[in-house]
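Below: the structure, in structure tokens.
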């Protein structure tokens, strides 16, 4: 590519015509101020609608106990499922109806 200075005379002629045909854009100061006021008002409304989250205190509950509790519940559910499957398998081998062991109620999942 050639720099603008080394461009052909036709390019310079077309560029000069273009620059004279299109006036430089000028922004009305009152419109610019109105746009800035509107943007500031929108920022205020945005902060009211979506406040910044509060900083987590150092005394906050760490995630590890919650994960441990969730693993414990998953292990209990898994053990209950294994117990039921074993009871059903044993009943199927003997031909009797399978006594379904009562499972403890499970906690919330979400």
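Some observations on this one:
- In nm, spacing of pseudo-spin labels at residue 20 and residue 90 (7 Å Cα→C-beta vector): 10.3 nm
- Between residue 78 and residue 7, full extension at 0.36 nm per residue minus the direct alpha carbon distance yields a gain of 17.8 nm.
- Maximal additional length on extending the residue 50-residue 30 stretch stands at 4.2 nm, based on 0.36 nm per residue less the C-alpha distance.
Here, each number is a calculation from the coordinates, and none is a lab measurement. From a predicted model like this one, the values you see are computed outputs, not experimental measurements. Every residue, glycine among them, receives a Cβ derived from its backbone with ideal geometry; neighbour counts consider all protein chains shown.
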